[in-house]
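A short write-up of the structure that comes next.
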Amino acid sequence: MADDKPKRVTDIGPPHYEKFLPPVIKDNYGKWKYHEILKPGVMVHYGHSGDKLFTVRAASPRLMSIDKMRDFADLADKYCDGYLRFTSRNNVEFLLTDESKIDPLIEDLKALNHPVGGLGNSISNIVHTQGWVHCHSAATDASGIVKAVMDEMYEYFSEMKLPAKIRIALACCLNMCGAVHCSDIAILGIHRRPPRIDHNTLERLCEIPLVTSSCPTAAIRPTTTPEGKKSVEVIEEQCMFCANCYTVCPSMPLNDPLNDGVSIWVGGKVSNARTAPMFSKLAIPFIPNNPPRWPEVTDAIKNIVEVWAANARKYERIGEWINRITYPKFFEMTGIEFQKEHIDDFKFAGLTYHRTAQLVR
Amino acid sequence: MASEVSVQEVADAMYKMIKDAQGMKKFKAGDLTKAMRDVYGDAADRKTCKAAIKELIDSGRCVYTYFGGSFIEIPHDEGAANK
Amino acid sequence: MANLPNTPKLDELTKGPWPSFVSEIKRAAERSDMCKDLLGLLERSYNEKIGHWKHGGIVGVMGYGGGVIGRYTDLPEEFPNISHFHTLRINQPAGWFYTSEALRTLADIWEKHGSGLTNMHGSTGDIIFLGTRTEELEPTFADLTAAGFDLGGSGSDMRTPSACCGKARCEWACYDTMKACYDTTMRYQDELHRPMFPYKWKFKFAGCPNDCVASIARADISVIGTWRDDIKIDQAEVKNYADAGLDIFDDVVLNCPGKCMKWDGNTLEIDNDYCRHCMHCINVMPKALAPGDKRGATVLIGAKAPIIEGALLSSVVIPFIDIDEEYEEFCDIIERMQDIWSEEGKNRERVGEFIQRVGMGNFFEAAEIDLIPEMVTHPRENPYIFFEDYYEEGDEEEEEE
């Protein structure tokens, strides 16, 4: 029956990366010697061959129009024979061999409102999720907070005046498409109201055993409504607002304008440098959504960054700094209030209790 | 040795299983594979089951669906779709 | 000229020094009615403090179970142009390198078939085409494959692997990350496009312990470059760093986690037997220090975000493998672990959670992987040991024989 149709092409995978590598990279592949950061957002890699590769890193909002894609393509043609790349943190990087073209490129990027920076001891771009632009389970917007925070933190992107790197990440709900849980500062969208159950649609849209088994605290039980509809009920005291039930069943939304907002987490890292990778820890349990600029969130982050910057030792990431000074000091120095929510009560909570008499005064 | 079983036969058995449970239970690829092993033993090995699932999907008799995990279902209108 | 909706709240976000996503949507809206409606919908979310999207779970391209995320607005009467607003994930080239020509090709395809909005890139690393209608999915896919691109993963399948730029532009790359990423992507095309696992299955390839792709936090299989011989030292360059003002004792020696360095003001000594391969000294003095020549990777398993049983970091499976040379062996070990999880894992159970449930010892034993001290931070602290055998009276004699 499919004989007369043209054959569909499938399973070809991505294009091979070699097609996109500039000659200087092909020539020096695996043969780089060392690199230097020349100024904010600009670095040079030296090959054993003596070749030099210059990289200019610029910010991007991640959410980009195809027009901007074409702008970047034009700049790549103008300055680097058409070769460019993106980074794991959504920056765009132009790859040049002609040092004299660096400054004109930076001027052109500035004219397009794309600041250059994010290298070395700076705040790089914020890794983030879709938020209200595209997600059904978002407890907050993503792009909007990122824009507001980076407007505020701009000087730390475009200059290198911090003691160490800061990696900020945002996820608009606990699903963490942005896996923010190991960031120096994480902004995490959070729900605070148990799911509202739509008994009229649940039986049709959801598979009840799947819904009950989705709850990590066993707070969801099957039930039959007075009208005889098969549905579920939620033991509200047992709900910790993970929204896993909503992921498997659209009839259980947790989204709620009054109760949704963001939490702030600190001290995570993924790099193995000096100390082992660490999870981020809760700093501020809840800040209400306040679009378009979330001033309470930007203030909180600015405060943490500036207290850290003023007190940390060279190369000390936020988590390393806090581990040295201890958390009581962190709360004291930042003026953040310690609340019941800071004390873990999920699995293995006891491991986070302070089990030594070693305390700072 | 276990007896032979064709990909088409396994695909048909899978289809029946999906159809019989429609509206009550959704199956993942792994659920179907395990169920076939219970019926046909080693003859329905992983490779045969994979081919059977591919046959169901490529023929359009079944589609992949997603609700917090990927399932294999008979095509139907999407609950959330705007008509 | 486009007649854009009135969006005073969003307009606020066109101001300021950071590049604005609102300006991007507005620019795309000059030609796309979808983007006009998106602006209106987003302004409404900003006013109401709630999102206006519904789940979607059936749409896709023929034969694939991943790569398309269905999305519908819950306000289709007011915003009919985004009644459907599905996303396509497109497998990025390893290391995220492009030519201007490739970018223009992608832009042209998306201008023809969708909203004109993209993410460069999504969290897992794919190129994201944001927003189109169901009937445009197949034509988009056809144009993409004609241009040499394919969809990435979603749902319970192998997700699109990603890699740092590795040997292409980094002297610290301890193996060929982009090659490993590409080879893995190609080897498992079936697993990537046809969901067959309990839940997602992610690979990330980082060239050195700095882990620029966050593999240890975000990938089920984290491959992190490392080396086994001595750190290379150019003492003259060390001295140059010191002369230029670097405090080698405070900034380098004191930060060494293995406490294996000495600095007498002239010479830097490293007791490499106790080096933990953390990268700090090399990061600080890239011109003076470098990873050794015996390079390879540490393979770790099990990282994930909190849903459902709590967040996990990956933990060690293989302390060192020369993955460039022993790629088949790497795949063989991965497949043994993948098969056990695939067979026994519960719906939505990531491999890290599965390992916690069945026990790491049991898991590795079943996968025929040697149990070694590198797998734990320290041995157990509790005495609740599941001894697997015990003797009956008289067993001792038999043992003697």
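The values are calculated or read from the model by the stated rules, or taken from the named source; none is laboratory data. For clarity, every value in this text was computed on a predicted model and none was experimentally measured. Cβ sites come from the backbone with ideal geometry, for glycine too, and all protein chains shown count toward neighbours.
Select from the range A:136-160 the residues that are part of a loop (DSSP other than H, G, I, E, B) and over 18 Å from A:V180 (Cβ atoms) and list them in ascending order.
Result: A:H136, A:E159, A:M160.
Residues in the range A:224-249 that are within 14 Å of chain B (Cβ to nearest Cβ) and not aliphatic (A, V, I, L, M): A:K230, A:C242, A:N244, A:C245, A:Y246, A:T247, A:C249. When restricted to residues that are touching a helix residue (DSSP H, G or I) at 6+ places or on another chain (Cβ under 8 Å) and charged (D, E, K, R), the range C:311-337 contains 1.
Filtering the range A:132-142 to residues that are over 14 Å from A:N289 (Cβ atoms) and among the small types (G, A, S) leaves only A:S137. Just one of the listed residues (A:G30, A:G50) is closer than 20 Å to C:L289 by Cα, of a type in the set (G, A, S) and either at the interface with chain C (Cβ under 7 Å from one of its Cβ atoms) or in contact with a His (Cβ under 9 Å, 6 or more places away or on another chain) (or both), and it is A:G30.
Within the range C:268-298, restricting attention to residues that are assigned to a helix (DSSP H, G or I) and more than 14 Å from chain A (Cβ to nearest Cβ), which residue is farthest from A:A164 (Cα to Cα)? The selected residue is C:D273. Determine whether C:K232 is more than 14 Å from every other protein chain (Cβ to nearest Cβ) and either farther than 28 Å from A:S183 by Cα or in contact (Cβ under 8 Å) with a residue 60 or more places away in the chain (or both). It is false that C:K232 is more than 14 Å from every other protein chain (Cβ to nearest Cβ) and either farther than 28 Å from A:S183 by Cα or in contact (Cβ under 8 Å) with a residue 60 or more places away in the chain (or both). Select from the range A:91-110 the residues that are farther than 26 Å from A:V146 by Cβ and buried (at least 22 other Cβ atoms within 10 Å of the Cβ) and list them in ascending order. Answer for the range A:91-110, where residues must be farther than 26 Å from A:V146 by Cβ and buried (at least 22 other Cβ atoms within 10 Å of the Cβ): just A:L96.
For the range C:181-194, the candidate set comprises residues that are within 14 Å of chain B (Cβ to nearest Cβ) and within 18 Å of the chain's Cα centre (by Cα); within that set, the residue that is farthest from C:K294 (Cα to Cα) is C:H193. Residues that are hydroxyl-bearing (S, T, Y) number at least 1 in the following helices (runs of 4 or more DSSP H) confined to the range A:251-361: A:295-311, A:327-334.
Scanning the range C:168-180 for residues that are more than 7 Å from every other protein chain (Cβ to nearest Cβ), buried (at least 23 other Cβ atoms within 10 Å of the Cβ), of a type in the set (S, T, Y) and part of a helix (DSSP H, G or I) turns up at least one hit. The sole residue among A:P216, A:P195, A:P163 that is touching a residue at least 24 places away in the same chain (Cβ under 8 Å) and at the interface with chain C (Cβ under 8 Å from one of its Cβ atoms) is A:P216.
Out of contact with any strand residue (DSSP E or B) (no Cβ under 6 Å at 6 or more places or on another chain) and crowded, with 21+ Cβ neighbours inside 10 Å: which single residue out of A:M160, A:M240, A:M176 fits that description? Full working, then the answer.
Details: A:M160 fails: crowded, with 21+ Cβ neighbours inside 10 Å; A:M240 fails: crowded, with 21+ Cβ neighbours inside 10 Å.
One residue alone meets the criteria, A:M176.
Note on the range B:45-71: among residues that are facing chain C (nearest Cβ under 8 Å) and closer than 13 Å to B:I18 by Cβ, the one that is surrounded by the most Cβ atoms within 10 Å (Cβ to Cβ) is B:Y64.
Residue count for the range A:266-277, restricted to those that are surrounded by fewer than 22 Cβ atoms within 10 Å (Cβ to Cβ) and either without any contact (Cβ under 8 Å) to a residue 40 or more places away in the chain or more than 8 Å from chain C (Cβ to nearest Cβ) (or both): 1. Scanning the range C:63-104 for residues that are farther than 17 Å from C:L144 by Cβ, without any contact (Cβ under 8 Å) to a residue 40 or more places away in the chain and more than 12 Å from chain B (Cβ to nearest Cβ) gives a single hit, C:S100.
Here C:A303 clears all of (1) surrounded by fewer than 18 Cβ atoms within 10 Å (Cβ to Cβ); (2) within 13 Å of chain A (Cβ to nearest Cβ); (3) in contact (Cβ under 8 Å) with a residue 60 or more places away in the chain except the condition numbered (1). Comparison of C:G258, C:G245, C:G225, C:G265 shows that the only residue that is in contact with a strand residue (DSSP E or B) (Cβ under 6 Å, 6 or more places away or on another chain) and either crowded, with 21+ Cβ neighbours inside 10 Å or part of a loop (DSSP other than H, G, I, E, B) (or both) is C:G225. When the range A:256-286 is filtered for residues that are farther than 30 Å from C:C212 by Cβ and not acidic (D, E), the ones remaining, listed by number, are A:P257, A:L258, A:N259, A:G261, A:P285, A:F286. With respect to (1) of a type in the set (A, V, I, L, M); (2) modelled with pLDDT of 95 or more; (3) in contact with a strand residue (DSSP E or B) (Cβ under 7 Å, 6 or more places away or on another chain); (4) surrounded by fewer than 22 Cβ atoms within 10 Å (Cβ to Cβ), the lone exception for C:A311 is condition (2).
Yes/no matrix, rows are residues, columns are (1) modelled with pLDDT under 95; (2) of a type in the set (A, V, I, L, M); (3) surrounded by 10 or more Cβ atoms within 10 Å (Cβ to Cβ):
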position: C:I355; (1), (2), (3): no, yes, yes
position: C:G361; (1), (2), (3): no, no, yes
position: C:F364; (1), (2), (3): no, no, yes
position: C:A367; (1), (2), (3): no, yes, yes
position: C:I372; (1), (2), (3): no, yes, yes
position: C:H378; (1), (2), (3): no, no, no
position: C:E381; (1), (2), (3): yes, no, no
position: C:F386; (1), (2), (3): yes, no, no
position: C:E396; (1), (2), (3): yes, no, no
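Taking the range C:7-34 as the range and being in contact (Cβ under 8 Å) with a residue 24 or more places away in the chain, within 23 Å of A:P295 (Cα to Cα) and in a loop (DSSP other than H, G, I, E, B) as the test, only C:T7 passes. Residues in the range C:306-361 that are assigned to a loop (DSSP other than H, G, I, E, B), within 13 Å of chain A (Cβ to nearest Cβ) and β-branched (V, I, T): C:I307, C:I308.
Only one of (1) more than 14 Å from chain B (Cβ to nearest Cβ); (2) within 19 Å of the chain's Cα centre (by Cα); (3) closer than 28 Å to A:K26 by Cβ fails for C:I128. Which number is that? For C:I128, the failing item is (3). Identify the residue in the range A:179-229 that is among the charged types (D, E, K, R) and at pLDDT below 95 and, among all such residues, is surrounded by the fewest Cβ atoms within 10 Å (Cβ to Cβ). My answer is A:E227.
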